[in-house]
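Trainee: If you scroll down you'll find the structure; I have some questions about it.
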Amino acid sequence: MIRHRFSILQILLLYCLFVLCSKHDSARAEVIALTTETFNDKVQEKDTAWFVKFCVPWCKHCKNLGTLWEDLGKEMEGEDEIEIGEVNCGTNKPVCAKVDIHSYPTFKLFYNGEEVVKYKGARNVESLKTFALEETERAATKSQFDNDGEL
């Protein structure tokens with residue numbers, strides 16, 4: 001019979017590796033699938049921007065995006081006030097009708113439940129990220145100004 005002897009240091013190192021891997025995975029940014037049931041509640045979160053992709057599975061332009069939206073989600077990982085979402089308009093038609101989606105893919109930014117702007121720029125991670133950051137800052141400033149004006 002072979003006995004394995006692990007030192008306390010080896011066990012501690014394995015434990016630390018496990019904890020670090022677990023935290024990295026749970027902190028991983030992801031694209032959040034929004035549905036007819038969840039869309040309104042999510043995009044109305046206070047002081048939160050939602051940058052949302054509206055697509056259908058059969059659209060060749062949506063397919064041509066490849067992993068762009070997931071890559072953006074990973075890139076935006078540290079931005080607490082910006083969420084990346086997507087809506088499948090094939091299975092969530094009421095959402096897409098409500099926010100006036102007529103072509104695919106469509107990208108829109110929402111802040112505090114209000115549609116802020118439709119994205120019409122280049123389809124690369126850096127352009128999308130810059131847009132989301134700038135438009136979120138603009139929307140947050142406007143919201144703060146509007147709130148201050150109500151006092």
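The values are calculated or read from the model by the stated rules, or taken from the named source; none is laboratory data. Everything numeric in this text was worked out from a predicted model, so none of it was measured. Every residue, glycine among them, receives a Cβ derived from its backbone with ideal geometry; neighbour counts consider all protein chains shown. These area figures cover heavy atoms from the full protein model, side chains too; ligands, DNA and RNA do not enter into them. Shrake-Rupley method; radii C 1.70, N 1.55, O 1.52, S 1.80 Å.
Trainee: Could you order ILE84, ILE32 so the one with the most accessible surface comes first? Probe is 1.4 Å. Write out the running numbers ahead of the final one.
Mentor: Numbers: ILE84 5, ILE32 45 Å².
These residues rank, largest area first, as ILE32, ILE84.
Trainee: Still on this model: What does the highest-first list of 119-132, 44-57, 85-98 look like by mean Cβ count within 10 Å?
Mentor: Numbers: 119-132: 14.9, 44-57: 19.4, 85-98: 17.6.
In decreasing order of mean packing, 119-132, 44-57, 85-98 become 44-57, 85-98, 119-132.
Trainee: Here's another thing I want to ask about it. As an exercise, take the mean of 1/r over every pair of distinct alpha carbons in segment 41-134, invert it, and state the Kirkwood radius in angstroms. Walk me through the intermediate numbers first.
Mentor: Working: mean 1/r = 0.0744 Å⁻¹.
When all Cα pairs of segment 41-134 are included, the Kirkwood radius is 13.4 Å.
Trainee: Determine which lysines satisfy two conditions relative to LYS98: a Cα distance under 23 Å, and not lying fewer than 8 residues away in the same chain.
Mentor: LYS42, LYS46, LYS53, LYS108, LYS118, LYS120
Trainee: Any idea of the accessible area per residue across segment 32-107, 1.4 Å probe, to the nearest Å²? Don't jump to the answer; show the numbers that get you there.
Mentor: Values: 4020 Å² over 76 residues.
Value for segment 32-107: 53 Å² per residue.
Trainee: Ok, one more. Given a 1.4 angstrom probe, I'd like the percentage of the accessible area of segment 31-94 that is carbon and sulfur, rounded to a whole number.
Mentor: Working: 1610 of 3410 Å².
The nonpolar share, carbon plus sulfur, comes to 47 percent.
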